[in-house]
Amino acid sequence: MPKLVRMYLINVATGFGIAAMFLAAMLWTDVAGLGRLVTQSPQGWIAGLMIFMGSGTLFAGVQFAIRIMAMAEDEPRGPRGGLRQQLVPIPVRRDEQRRPVARRPL
């Protein structure tokens, strides 16, 4: 199996494991009556499945993104950021004096 696919599957499994712990904690602490709703309603398992799949997808994506960003090179090679130019102020003459703008009361 390619290394990238293996890393992706490991991070997806980790993300869904975190989602399972998250859902268990939400049901155990009965956040907003959710634990009672899922355990006592006949269709409560659908709500639990939806929370598990949604948070699992989120946590899996976050796990994979963290892992990919951690693979970045430590030291950039060579110059980066283009050419640096020195900014020099240019004097500009003004012929007329500017009148103050009348402000309307609020």
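The values are calculated or read from the model by the stated rules, or taken from the named source; none is laboratory data. This structure is a prediction, so every number in the text was calculated from the model and none was measured. Cβ placement follows ideal geometry from the backbone for every residue including glycine, while neighbour counts extend to all protein chains displayed.
Of (1) under 30 Å from Arg6 (Cβ atoms); (2) surrounded by 13 or more Cβ atoms within 10 Å (Cβ to Cβ); (3) among the aliphatic types (A, V, I, L, M), Met26 satisfies all except one. Which? It is condition (1) that Met26 fails. Scanning region 50-106 for residues that are modelled with pLDDT of 90 or more and of a type in the set (Lys, Arg) yields a total of 1. Residues that are among the aliphatic types (A, V, I, L, M) and closer than 25 Å to Ala13 by Cβ within region 35-56 comprise Val38, Ile46, Ala47, Leu49, Met50, Ile51, Met53, listed in sequence order.
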